[in-house]
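What follows is a set of notes on a single structure, which appears directly below.
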Amino acid sequence: MDVAQWLRGLGLERYEPTFRENEVDAEVLTELTESDLTTMGLPVGPRRKLLKAIAALRESALPSPVIEQPSVPGPAARPSSEAERRQLTVMFCDLVDSTALSARLDPEDLRGVIGAYHGCVAEAVRRFDGFVAKYMGDGVLVYFGYPQAHEDDAERAVRAGLDIVTDVGRLDTPAIPGTPAPVSSTGSASPPASSWWAT
């Protein structure tokens, strides 16, 4: 999918440079949130148009349900009209004490830190075949068991969470150069003034 052409189709071609500058491609496009668009500096009207168009893209990307035909057709056999029921494991993670971090950093530096954190989470989730459903500020909502179900989705979620805690602890961003970030899986410890970590 060509993001520039998609923007032109919405009459929002003037924002092509903004999308290019923020490295928004077809893979990232459907994951954009209102917070992301605000951070990119888009005004309210275009943000609303884009959010509607992104929601339509997400719907069109959902797989259509497949109704299995009965193996032995008979007069009483009819396809089921009920939706399939499956287990879904949901994980939410965010940066500990990000409010204090936002008070210390310039908005651009904070965006870099949160962007690095989002990338770290997305990579760990991808390794365990999870699905990033939404970015909410410094939080990330993740599904395991959608769109692809596995026998061990709950275990995959736990392993992804442990990897995220480890990987975030190794992040080195320009805003916090060379500072090994302490990591907490519970968020109960008091953070040092110069560090950041994830739960």
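The values are calculated or read from the model by the stated rules, or taken from the named source; none is laboratory data. Computed from a predicted model, the values in this text were never measured in an experiment. Please note: Cβ atoms are built from the backbone with ideal geometry, for glycine as well, and neighbour counts cover all protein chains shown.
Is it the case, given these coordinates, that Pro70 is on the phi < 0 side of the Ramachandran plot, at pLDDT below 85 and surrounded by 10 or more Cβ atoms within 10 Å (Cβ to Cβ)? I'd like the intermediate steps shown before the answer.
Working: on the phi < 0 side of the Ramachandran plot: yes; at pLDDT below 85: yes; surrounded by 10 or more Cβ atoms within 10 Å (Cβ to Cβ): yes.
Considered against the rule, which asks whether it is on the phi < 0 side of the Ramachandran plot, at pLDDT below 85 and surrounded by 10 or more Cβ atoms within 10 Å (Cβ to Cβ), Pro70 comes out as yes.
Please count how many residues of segment 21-40 are free of Cβ contacts under 8 Å to residues at least 12 places away in the same chain and on the phi < 0 side of the Ramachandran plot. It would help to see each step written out before you state the result.
First, pick out the residues of segment 21-40 that are free of Cβ contacts under 8 Å to residues at least 12 places away in the same chain: 21, 23, 27-28, 38.
With on the phi < 0 side of the Ramachandran plot added as a condition, the list becomes 21, 27-28, 38.
Of the residues in that region, 4 qualify.
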Restricted to segment 13-56 and to residues being farther than 18 Å from Met136 by Cα, hydrophobic (A, V, I, L, M, F, W, C) and touching a Leu at 6+ places or on another chain (Cβ under 7 Å), the residue surrounded by the most Cβ atoms within 10 Å (Cβ to Cβ) is Phe19
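Quickly run through segment 1-12 and pick out the residues that are free of Cβ contacts under 8 Å to residues at least 40 places away in the same chain, outside any helix (DSSP H, G or I) and surrounded by fewer than 16 Cβ atoms within 10 Å (Cβ to Cβ).
Taking segment 1-12 and keeping what is free of Cβ contacts under 8 Å to residues at least 40 places away in the same chain, we get 1-5, 7-9, 11-12.
Those still in the list that are outside any helix (DSSP H, G or I) too: 1-2, 11-12.
Answer for segment 1-12, where residues must be free of Cβ contacts under 8 Å to residues at least 40 places away in the same chain, outside any helix (DSSP H, G or I) and surrounded by fewer than 16 Cβ atoms within 10 Å (Cβ to Cβ): Met1, Asp2, Gly11.
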Only unsatisfied item for Phe92, checking (1) modelled with pLDDT of 80 or more; (2) in a helix (DSSP H, G or I); (3) surrounded by 12 or more Cβ atoms within 10 Å (Cβ to Cβ), is (2)
For Pro17, the lone unmet condition from (1) within 21 Å of Arg111 (Cβ to Cβ); (2) touching a residue at least 12 places away in the same chain (Cβ under 8 Å); (3) in a helix (DSSP H, G or I) is (2)
